[in-house]
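Inspection log for the structure reproduced underneath, given as structure tokens.
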Amino acid sequence: MEKDRDLHQNGNLVPELIEAERFAALIAGYSEKMDREEKFDPEVIGLLNRHKVWKAVHGKDGVESTLTQQCRWIEALAARCTSTAVLVQSQLTVGHTILLSGSPLASRLLDEMREGTIWGWGLTEAEAGSDILSMTTTARREGNEFIINGSKRFISNAGMATRYLVFARTSPERSSKAITAFVVPSDAAGLSIARYEHKMGLRASPTGDVVLDEVRVPIESTIGDLGEGIGLALGTLRWSRPLIGAVSVGVARGAFEQLMKVVARSDRDLRAFTSSHQAKGHKLAELLMQVFAARTLLYDVTSRCDASGELPSMWEASSAKAFCSEVAMNVANEALEVAGKESVEVDAPLQRCFRDAKILQIFEGTNQIQKNAIMKELGQVNFALM
Amino acid sequence: MEKDRDLHQNGNLVPELIEAERFAALIAGYSEKMDREEKFDPEVIGLLNRHKVWKAVHGKDGVESTLTQQCRWIEALAARCTSTAVLVQSQLTVGHTILLSGSPLASRLLDEMREGTIWGWGLTEAEAGSDILSMTTTARREGNEFIINGSKRFISNAGMATRYLVFARTSPERSSKAITAFVVPSDAAGLSIARYEHKMGLRASPTGDVVLDEVRVPIESTIGDLGEGIGLALGTLRWSRPLIGAVSVGVARGAFEQLMKVVARSDRDLRAFTSSHQAKGHKLAELLMQVFAARTLLYDVTSRCDASGELPSMWEASSAKAFCSEVAMNVANEALEVAGKESVEVDAPLQRCFRDAKILQIFEGTNQIQKNAIMKELGQVNFALM
Amino acid sequence: MSIDMSNSDEDKRLLRESVSRLVADKIEPFAKVIDETGEMPEELYEVLTKTGLNAATVPSQYGGGGASALDGVILVEEIARGSASVSSILAMNLAGVAALAASLNEKLKEDLFPKVVRGEVILSWSANAPEAEGELIAADDAKGLVLNGKVTWVPFVDVGAAIVVLAEAKTQLGFHLVAIDTSKLKGHLEIGPLESDLGLRGVQLRSLVLRDVVITGEEIVDSKVGGASVLGVLHAVGRAAVAAQANGIAAAALGHAKRYVGERYQFGVPIAEFQSTRAILGAMALNLEAARQLTYAAGNQLDTGATGWGSQDRAPADSAAKWFASKVAVEVAIDAIQLFGGYGFVKDYPVERLMRDAKLTQMILGTNQILDIADAILSR
Amino acid sequence: MSIDMSNSDEDKRLLRESVSRLVADKIEPFAKVIDETGEMPEELYEVLTKTGLNAATVPSQYGGGGASALDGVILVEEIARGSASVSSILAMNLAGVAALAASLNEKLKEDLFPKVVRGEVILSWSANAPEAEGELIAADDAKGLVLNGKVTWVPFVDVGAAIVVLAEAKTQLGFHLVAIDTSKLKGHLEIGPLESDLGLRGVQLRSLVLRDVVITGEEIVDSKVGGASVLGVLHAVGRAAVAAQANGIAAAALGHAKRYVGERYQFGVPIAEFQSTRAILGAMALNLEAARQLTYAAGNQLDTGATGWGSQDRAPADSAAKWFASKVAVEVAIDAIQLFGGYGFVKDYPVERLMRDAKLTQMILGTNQILDIADAILSR
């Protein structure tokens, strides 16, 4: 039924999934250059817009695309360029939050996203990582405006986004009801990017500190109700964690495919039953099974979500994120050993995969946070009924 | 869509899948006793017959049940009793071979199996394990009979079966066309069980040497054409390897469920974010993800097979067998560490799982043989199109 | 025949080789029957006593071998290559002797060490994890301490050989490590059923329930209020000893696997010719080597008191060795069975027993060493 | 300041501590800039020369430190805690010096050892796997051997410091290990582009293409027809040295992680309080300890010629150490980043560099040691 699930929908081939792989092939040529230059290439933005990728991934006719469709797109992109995949993943995450908020702005904002408006997600702060409630950014109301002050750290698409979804305290207590989400345009007076991070991997994806100094936004800028920010952020996780699972599956698959290219150049025949390549062949088989397992776990979670119309349970979303990102790091790591020195040459795709993969175990909740989430729901798991 | 796949079929709940779990619960009480006594309990045979399990697993109306249905049954059984699961798996394997052979006897033989006739699969010999073509058992034709001579090793259900599917040379050369399959009744003159193995695990499932000394069978006893034995055996692997995957998923799931029982007795609350149980909770989360991944990989392979009407590719069948059996051994092994000394007490289910799990990495082709098979088909794998 | 217990560094090799021959001749032949019956044949105790192996580390002034902890660890490993169950006698005594040697109770040493040397007692202690259930509550009495409670997972209970159990007894003020001579406890002692028969059969792990057992001052190994020095020695040497047992099991598995892959032909060649066989065998040897070096380092640190050169962030070698070696032993045994194929799963070959024995070395003393190591590092 | 190179066993700890201070003061501060620029600052060579660290194992009659291989391994590890790139100078010299010491060519020793002591040359050799591409073909000539071909993955090419490359040159009859002084090769030498910039930056791995390079007998380290003794020494010590680099990297990662988890607060407590943090940290320390013990055993075996006590099935410690330590270093660095969270992924903190450096130690000399170990065991 995966064939069914993936390339057919009610018996019809879904052309955009093949389109996703075709489009991904177009951007493959940019990934090493963008990594080296630590800069997202505007040409790739141009391609995304020109090929109407935003329409395809967000859903074309006012209807959100399925989680499976989104994951397939992200996987295809990540197999060629992690940074592009994360750009798309970040927009789908914001898109889902906006939908979830039921904001009166939702329809307009999503339409803009379909045209290529890029957002940054502004939740994390220097001292508020896993511990969101330590957040210190505040929004105080003055007349018809909120005035936001604070500093956000590790903000993806910083400087590239034209809008930020900023989470800020609208109440001082350490409570999940104290925080509200706002849309803040990047050209708002008082908003600046104080610094950019220099990262080991995912280098084309800009990450920066977004500083908000007396930034004024109209009261209509809230996304979701007052005090609903944490609820929205947590609700989004059940959608966004599988999306990171999809980036991970893509990186794992991409590393495996790059490895196969290296092997094809040096080892003509892995098919011989006994040969001087058997140990390498078995290693390839083991890596293949890991990619396969991660992929089936992910799409099992997404397709049950799509079929039921219900979000995945948190333990499922967290499993998709944690399991797939562990596989991605592991496959990328081992692929270098199997491929040998060609894999660590300057600009070799495999060494980029190795550097990119690490962030997958960390962002959207470290894998320790995922295991906490799974641990809390252990009592709900009943494989016999799944 | 797994929900869809598992418990619904074209929108209707499939009652026999719930029935499988209910039936498995009935036999759970026998597993430790059968393990200790090294003997399959006739009461369990009685239950299998009485509850019409053979009809359910083979397919009720002259139509073979789907691979997914067979695997679900086997998984449910293996979660409670590995030996019972392997008994059923062995019958489904023989059943598939008989179907595959297009034998004129097929319909009658399968009807008998639905009524509870038990078979033994007689391929392996002392010196012919992975290397089937080293087989020395012969069948020579004399008039309207074949006369079979030889000795088969590691034959499951030895002494319990009323029929054996015996593979024998009908031609002396080392060729895949030299071997033919025969049905041999257990009461045939000259057939004897020379010895039984005493095993570390899977102890209720009898394993023995089947010796054939001038055993005469009518020429109509061939299953498949002359010289088609190896072809049949290899063709069967694409069906039988996922079945072992299902035993493995069941053993892994069973070990996990037993572990949860132990944990529930000693650790009241794993939900606390910080606690003296967090390391154990994270380990449980890791084991859960392994079981989840094995299960989704298996049912991805089986459901695509069922949807397409085509057997899984060998790399898929071998991945299901190898990946799931590695997970089973690993989960059973680690479950004992997490559970602590209670898990190794006399008759504790977890220590039985630990002993049972090991055979899963070995039979139906060692996992090295599975990796050889995957290695040979690496060039055919294209996740982008799956 | 008696084993020369040179305490010098230079000839571990000779020590090991002479023990290795003894193991092949007198111990390994019993391994299968011990596993089948769960009983330890009488003559094995005699062999161990006659060769001095059971008392290798008893100080020489008490008639023992005077061997170092490192030598002791090597001996345990070598015996375990033949039979892990038999090696448990040495492992128990190795830790028990070290604890007694660290005790200030000279009378107890004078009483027990000669008995160990003569093979009259095994110094047994609970193989349970320190933090697990089962404890003795001690109350002061005119005649001494009065013990009540349960000790679980005690090796060699009711096997014919007499044992002295070194057990922790808690009082309101702290704890005592006491030496309980089970032969003197008629009417005060209840022996539980076999606690595990998965592996290390013949060791007969059982619980002991003590009722109003009176212990005099002469039987107290160590008393502490808030401290645990002798108990710490017992557990540290115990971890090294169990690691050595695990290494012996893994070495046996590796040896059997090596032999088998050279003898088993498939596709016209020994399966040792397949690179996949070599990848498995090489990894087995590699991990075993790491486990051995950790264990020898633990033995060496126990002898010298050194705790690793320089760096503040070193894992205590005995904890690291216990965790790593027992884990590796299970994996090596699992892989050895894999190389045997179906034959590995049946009781005609020794490797399935090794997998079961190895698992017990992992369960003994628990599997919490990683957290202990973290605690040790973070507390510095 | 000069490091006292006591060759005795007793005070590794003091040796390590004095080096440790030097590393903190004079080497670690450069690690970030070396990684950023890919260049090694001039003053580092001076520090290494002045302290004698670069020539620690050069025999004392040539003015070197006369240190043992075990001491050499400890020094490499300690330097690598500060900067893995800088430790490559020591690692190269450690193996190169051992190879020269094993050579019968006394004239070459008299020429090169003092140059190493004065810091005038680094003894470089290909960090590529032995079986990989790139070889020199040697032809006999009236003037000596004439070399043509390519050597890949040569460290310290074109970094300012002069290097002498110890390279294997194949002839029809066997091979020669030759010492190629690259400073003398104008017009015969082509330097390739940087081969990897993932990690160990500043080491400047490059290929050298040699054209009609004439080597006289005085530059031949060893010549063998069918044998490989000196080359074997080069590779064995090389493996131990790379293992030591990996351990230094892992030790740095562990140290940074330990510090960070004590300082980083989430949910009102340092994240060191979470058991999940401790489980990760404990496993890092445990595996590093196993890697260290394997590496020290390799150093010790190189000094004493011992190959493990007794058993026939022991993995050669240098191969085991190289494979295990470099794998552990990658995993420990990955885990250290995990404990840092997002901060671990950015270049303001050192742990991301450690992950890249660690990966290079795994790639250097290839990853085939498991099969080598199997070959070694099966051939006995």
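The values are calculated or read from the model by the stated rules, or taken from the named source; none is laboratory data. Please read these numbers as outputs of a predicted model, since none were measured by experiment. All Cβ positions, glycine included, derive from the backbone under ideal geometry; neighbour counts span all protein chains shown.
Determine whether residue D:97 is crowded, with 22+ Cβ neighbours inside 10 Å and at pLDDT 80 or above.
Answer is yes for this residue.
Of the residues B:253, B:203, which single one is more than 25 Å from residue A:386 (Cα to Cα), in contact with a helix residue (DSSP H, G or I) (Cβ under 7 Å, 6 or more places away or on another chain) and buried (at least 21 other Cβ atoms within 10 Å of the Cβ)?
Criteria check complete, one pass: B:203.
Look through region A:353-373, keep the residues that are more than 13 Å from the chain's Cα centre (by Cα) and not polar (S, T, N, Q), and return whichever of them is farthest from the other protein chains (Cβ to nearest Cβ).
This residue is A:353.
Could you list, in sequence order, the residues of region A:22-58 that are of a type in the set (Gly, Ala, Ser) and in contact (Cβ under 8 Å) with a residue 12 or more places away in the chain?
A:24, A:25, A:28, A:31, A:56, listed by residue number.
Restricting attention to region B:166-177, does a residue exist that is within 14 Å of chain C (Cβ to nearest Cβ), surrounded by fewer than 20 Cβ atoms within 10 Å (Cβ to Cβ) and not polar (S, T, N, Q)?
Taking every residue of region B:166-177 in turn, at least one turns out to be within 14 Å of chain C (Cβ to nearest Cβ), surrounded by fewer than 20 Cβ atoms within 10 Å (Cβ to Cβ) and not polar (S, T, N, Q).
What are the residues in region B:325-337 that are more than 7 Å from chain C (Cβ to nearest Cβ) and either buried (at least 24 other Cβ atoms within 10 Å of the Cβ) or in contact with a Gly (Cβ under 6 Å, 6 or more places away or on another chain) (or both), if any?
Result: B:325, B:327, B:328, B:331, B:332, B:335.
Taking residue B:384 as meeting all but one of (1) more than 8 Å from every other protein chain (Cβ to nearest Cβ); (2) farther than 30 Å from residue C:197 by Cα; (3) of a type outside the set (Asp, Glu), write down the number of the exception.
So the condition that residue B:384 fails would be (1).
Quick grid of which residues meet (1) farther than 22 Å from residue D:334 by Cβ; (2) at pLDDT below 95; (3) not in a helix (DSSP H, G or I):
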residue	(1), (2), (3)
A:290	no, no, no
A:299	yes, no, no
A:302	yes, no, no
A:307	yes, yes, no
A:317	yes, no, no
A:331	no, no, no
A:353	no, no, no
A:357	no, no, no
A:371	no, no, no
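Of all residues in region D:314-333, how many are buried (at least 24 other Cβ atoms within 10 Å of the Cβ) and either of a type in the set (Val, Ile, Thr) or within 9 Å of chain A (Cβ to nearest Cβ) (or both)?
3
Answer yes or no: is there a residue in region C:214-227 that is more than 14 Å from every other protein chain (Cβ to nearest Cβ), closer than 28 Å to residue C:294 by Cα and at pLDDT below 90.
Looking through region C:214-227, at least one residue is more than 14 Å from every other protein chain (Cβ to nearest Cβ), closer than 28 Å to residue C:294 by Cα and at pLDDT below 90.
Taking the conditions exactly as written (under 16 Å from the mean Cα position of the chain (by Cα) and in a helix (DSSP H, G or I)), does residue A:264 satisfy them or not?
Here the answer is no, as residue A:264 does not meet what is asked.
Would you call residue B:276 at the interface with another protein chain (Cβ under 7 Å from one of its Cβ atoms), of a type in the set (Ser, Thr, Tyr) and surrounded by fewer than 21 Cβ atoms within 10 Å (Cβ to Cβ)?
Considered against the rule, which asks whether it is at the interface with another protein chain (Cβ under 7 Å from one of its Cβ atoms), of a type in the set (Ser, Thr, Tyr) and surrounded by fewer than 21 Cβ atoms within 10 Å (Cβ to Cβ), residue B:276 comes out as yes.
Just one of the numbered conditions (1) in contact (Cβ under 8 Å) with a residue 24 or more places away in the chain; (2) part of a helix (DSSP H, G or I) is not true of residue B:111; which one?
For residue B:111, the exception is condition (1).
Out of the residues in region C:339-380 that are acidic (Asp, Glu) and free of Cβ contacts under 8 Å to residues at least 60 places away in the same chain, which is nearest to residue C:325 (Cα to Cα)?
That would be C:372.
Scan region A:338-386 residue by residue and report those that are among the hydroxyl-bearing types (Ser, Thr, Tyr) and more than 19 Å from residue D:343 (Cβ to Cβ).
If the condition is that a residue be among the hydroxyl-bearing types (Ser, Thr, Tyr) and more than 19 Å from residue D:343 (Cβ to Cβ), then A:343 is the only one that fits.
How many residues are out of contact with any His (no Cβ under 7 Å at 6 or more places or on another chain) and either more than 17 Å from residue A:167 (Cα to Cα) or among the small types (Gly, Ala, Ser) (or both) when one looks only at region A:95-104?
Qualifying residue count, region A:95-104: 4.
Let me spell it out: the conditions are (1) within 7 Å of another protein chain (Cβ to nearest Cβ); (2) assigned to a helix (DSSP H, G or I); (3) at pLDDT below 95, and residue C:372 meets all of them except one. Which number is the exception?
(1)
Can you run down the residue pairs with Cβ atoms below 9 Å, 6 or more apart or on separate chains, where the first is in region A:280-303 and more than 7 Å from chain B (Cβ to nearest Cβ) and the partner is surrounded by fewer than 24 Cβ atoms within 10 Å (Cβ to Cβ) and of a type in the set (S, T, N, Q)?
Close Cβ pairs (under 9 Å, with a partner that is surrounded by fewer than 24 Cβ atoms within 10 Å (Cβ to Cβ) and of a type in the set (S, T, N, Q)) amount to A:280/C:275; A:287/A:330; A:290/A:330; A:301/A:313; A:302/A:66; A:302/A:69.
Have a look at D:286, D:281 and point out the one that is part of a helix (DSSP H, G or I) and under 22 Å from residue A:131 (Cα atoms).
Result: D:281 is the single residue among D:286, D:281 that is part of a helix (DSSP H, G or I) and under 22 Å from residue A:131 (Cα atoms).
So, of the residues in region C:202-219 that are β-branched (Val, Ile, Thr) and in contact with a strand residue (DSSP E or B) (Cβ under 9 Å, 6 or more places away or on another chain), which turns out to be surrounded by the fewest Cβ atoms within 10 Å (Cβ to Cβ)?
Here the answer is C:216.
Hey, can you tell me all the residues within region D:53-85 that are assigned to a loop (DSSP other than H, G, I, E, B) and surrounded by fewer than 21 Cβ atoms within 10 Å (Cβ to Cβ)?
Once the filter is applied, which keeps residues that are assigned to a loop (DSSP other than H, G, I, E, B) and surrounded by fewer than 21 Cβ atoms within 10 Å (Cβ to Cβ), region D:53-85 yields D:59, D:63, D:66.
Taking residue C:179 and the conditions (1) surrounded by fewer than 20 Cβ atoms within 10 Å (Cβ to Cβ); (2) in contact (Cβ under 8 Å) with a residue 40 or more places away in the chain; (3) of a type in the set (Gly, Ala, Ser); (4) part of a strand (DSSP E or B), which numbered condition does it fall short on, given that it satisfies the others?
Every condition holds for residue C:179 apart from (1).
Of the numbered conditions (1) in contact with an Asp or Glu (Cβ under 7 Å, 6 or more places away or on another chain); (2) closer than 30 Å to residue D:290 by Cβ; (3) of a type in the set (A, V, I, L, M), residue C:179 satisfies every one except a single condition; which is it?
In the conditions (1) in contact with an Asp or Glu (Cβ under 7 Å, 6 or more places away or on another chain); (2) closer than 30 Å to residue D:290 by Cβ; (3) of a type in the set (A, V, I, L, M), residue C:179 misses (2) alone.
Select, from A:234, A:226, A:259, the only residue that is of a type in the set (A, V, I, L, M), surrounded by fewer than 21 Cβ atoms within 10 Å (Cβ to Cβ) and more than 23 Å from the chain's Cα centre (by Cα).
A:226
Mind checking whether some residue in region B:103-110 is buried (at least 16 other Cβ atoms within 10 Å of the Cβ), within 14 Å of chain C (Cβ to nearest Cβ), within 17 Å of residue B:217 (Cα to Cα) and hydrophobic (A, V, I, L, M, F, W, C)?
So far as region B:103-110 goes, no, none of its residues is buried (at least 16 other Cβ atoms within 10 Å of the Cβ), within 14 Å of chain C (Cβ to nearest Cβ), within 17 Å of residue B:217 (Cα to Cα) and hydrophobic (A, V, I, L, M, F, W, C).
Taking region C:336-357 as the region of interest, how many residues are assigned to a helix (DSSP H, G or I) and within 10 Å of chain B (Cβ to nearest Cβ)?
14
Checking the structure you have, find out if any residue of region B:338-348 is of a type in the set (Ser, Thr, Tyr) and within 13 Å of chain A (Cβ to nearest Cβ).
Among the residues of region B:338-348, not one is of a type in the set (Ser, Thr, Tyr) and within 13 Å of chain A (Cβ to nearest Cβ), which makes the answer no.
What residue, of C:66, C:72, is in contact with a Ser or Thr (Cβ under 7 Å, 6 or more places away or on another chain), in contact (Cβ under 8 Å) with a residue 60 or more places away in the chain and at positive phi?
The conditions single out C:66.
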